[in-house]
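Shown next, in structure tokens, is the structure this report addresses.
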Amino acid sequence: MKNNFAHWFRSSTPYIQAHRNKTFVINFGGEALQDDSFQNLIHDFALLNSLGIRLVLVHGIRPQIDARLQKLNHPARFHNRLRITDDVALQCVKEAAGLVRVEIEALLSMGLANSPMANAELKVTSGNFIVAKPIGVIDGVDYANTGAVRRINSTAIHAQLEQNNLVLISPIGYSPSGDVFNLSAEQVATSVAIALNAEKLIFLTEESCVDENGNLIAQLTTDELKQMPPEFALNAAMESCDAGIARVHLLNRHIDGALLQELFTRDGVGTLISSAPYEICRAATLNDIGGILELIKPLEQQGILAKRSREKIEMEIADYVVIERDGLIIGCSALHVNALERCAVLACLAVHSDYRGGARGQRLFSTALMLAKIQSAETVFVLSTQTAQWFIERGFVACEWTNVPDFLKALYNPQRNSKILFKPLE
Ligand SMILES: CC(C)(COP(=O)(O)OP(=O)(O)OC[C@H]1O[C@@H](n2cnc3c(N)ncnc32)[C@H](O)[C@@H]1OP(=O)(O)O)[C@@H](O)C(=O)NCCC(=O)NCCS
């Protein structure tokens, strides 16, 4: 247990470093407040704040508004899933927002000894950061006091975050004429994240995003999102990705510690949405030969890779793995296994110059090692003219000519004078 803890704590260090001073906008619905587990979420917010993450919380109030309207026996009216906020509903909105904000502020102010909030002394700021305008009449339906975000006072929010204050925002906006508007919390979170140029926008949702078999969808592109049924958080995620927020996370708030697992472990528990084009590492097919040739041609011309004919690649295509991005081959490698001598040669490792430094070379390398092990190879060799250091940093060492297996000696071109390196596989 102790070892597990030390291991877990150490492995979270790179994430702690990476997130420090970054701005995260987190949205959660009014439902979250009605749960006993809300305190845990508050503790996690406090922890993120103490790790130097600049936090903006945007809370919802839908169930609180509905409860008030019900008490008054006043109908809750919606059109296209958006609330029509008449004057009675607006009064409920103001009351709900005020109460919810005070409750969250109270929880964030706790500092009892022996509790996770001890010595936290968190400073929370709320304010008139959102300028709104009325939605008006759409399809003949008057939305009354329901509004849309017109502008975010990002300078004021940045100033608060600069002082390590946690910013708490309600789904309410004010107009220059002093009117109050009921806003969608998801839209507010999206607009705030875009205005602040936040590193992350996180939606704490009521359910996980799953496929038809009930399995969590770990990653989605905006193109894939467009195929899914419309939903508040999904629409907001799409809008923010399109506006340049690099990482939008959908996290099931019912999973205890979901935020911490998503942010501080390699395999999160949520769905990451990005607008980046889809990229996969897969076995090559004959259709990839053109792409592989185009990728390696400049490297052959520079003498970095040995020359290969189309026919040779065609014959050995089963040994190749490629990285495809948006239909383009941007990386490749080949692993030739010699079953008799229980060893393999990693060859033709290349990443397009526009995409280097993104661990794609490492990905191809790890895949090759895994494939070598599956095929019972005990040693992997490489021949390199200019990249020996890259392999040495990954555990390869120079190989004496006498120890070079015969099949590799037969392949060796003395004119290229490549260094021969090897790595024993565990
Ligand atoms: C080697 C190669 C595949 C790495 O691809 P990549 O996607 O950039 O790899 P990674 O992101 O996993 O690794 C990047 C690291 O490798 C280092 N690196 C790149 N080329 C290197 C070289 N020739 N020698 C030593 N280190 C090198 C980078 O500086 C970077 O290190 P840093 O992060 O400490 O700065 C790529 O640079 C390439 O295609 N090179 C030309 C082809 C080649 O040399 N193939 C090997 C034939 S034996």
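The values are calculated or read from the model by the stated rules, or taken from the named source; none is laboratory data. Please read these numbers as outputs of a predicted model, since none were measured by experiment. Backbone-built Cβ (ideal geometry, glycine too); neighbour counts: all protein chains shown. These area figures cover heavy atoms from the full protein model, side chains too; ligands, DNA and RNA do not enter into them. Shrake-Rupley method; radii C 1.70, N 1.55, O 1.52, S 1.80 Å.
Backbone amide hydrogens, once placed in the peptide plane, bring His79 within less than 5 Å of Ile84, excluding anything fewer than 5 places away on its chain.
A dipole drawn for the chain from +1 and -1 charges on Cβ atoms has a positive end, and of Pro405, Cys332, Ala347 the residue lying farthest that way is Pro405. Could you work out how far the C-alpha centroid of the range 90-128 sits from that of the range 49-81, in angstrom? The range 90-128 and the range 49-81 have Cα centres spaced 15 Å from each other. In the chain, the calculated helix contribution to ellipticity at 222 nm averages -11000 deg cm²/dmol per residue, counting -39,500 (n - 2.57) for every DSSP H run with n ≥ 4. At the residue level, Ile138 shows approximately 70 square angstrom of accessible surface with a 1.4 angstrom probe and all protein chains present.
So, for the chain, what is the accessible surface per residue at a probe of 1.4 Å, expressed in square angstrom?
Numbers: 22220 Å² over 426 residues.
On a per-residue basis, the chain sits at 52 Å².
The calculated FRET efficiency for Gln362 paired with Phe78, based on their beta-carbon distance and R0 = 60 Å, is about 0.75. Packing around the peptides 295-305, 347-357, taken as the average count of other Cβ atoms within 10 Å per residue, puts them in this order, highest first: 347-357, 295-305. Among Ala189, Gly29, Ser376, whose Cα lies farthest out toward the positive end of the dipole of the chain, if unit charges sit on the beta carbon of Lys, Arg (+1) and Asp, Glu (-1)? Projecting each Cα onto the dipole axis, the largest value belongs to Ser376.
Leaving out ligands, DNA and RNA, and with a 1.4 Å probe, what % of the accessible surface on the chain is carbon or sulfur? The partial results should precede the final answer.
Numbers: 11070 of 22220 Å².
So the carbon and sulfur contribution to the accessible surface is 50 percent.
The charge dipole of the chain, taken about its Cα centre with unit charges on the Cβ of Lys, Arg, Asp and Glu (plus for the first two, minus for the last two), comes to roughly 1160 debye. Accessible area of Trp8 (1.4 Å probe, protein heavy atoms only, ligands and nucleic acids ignored): about 110 Å². Ranked by the mean number of other Cβ atoms within 10 Å of their residues, highest first, the peptides 72-80, 59-67 fall in the order 59-67, 72-80. About its Cα centre, the dipole of the range 133-243 is roughly 580 debye, where the only charges are +1 on Lys and Arg Cβ and -1 on Asp and Glu Cβ. Among Ser50, Ser309, Ser126, which one moves the most in a GNM of the chain with springs linking Cα atoms closer than 10 Å? Largest GNM mean-square fluctuation: Ser309. Within the listed set Glu212, Glu341, Glu239, the Gaussian network model of the chain (springs between alpha-carbon atoms below 10 Å) gives the highest mean-square fluctuation for Glu212. Along the axis of the charge dipole computed for the chain (Cβ charges of +1 for Lys and Arg, -1 for Asp and Glu, origin at the Cα centre), the listed residues Ser115, Thr13, Ser126 are led at the positive end by Thr13. Protection proxy ranking for 155-165, 358-368, using the average of other Cβ atoms within 10 Å per residue and placing the highest first: 358-368, 155-165.
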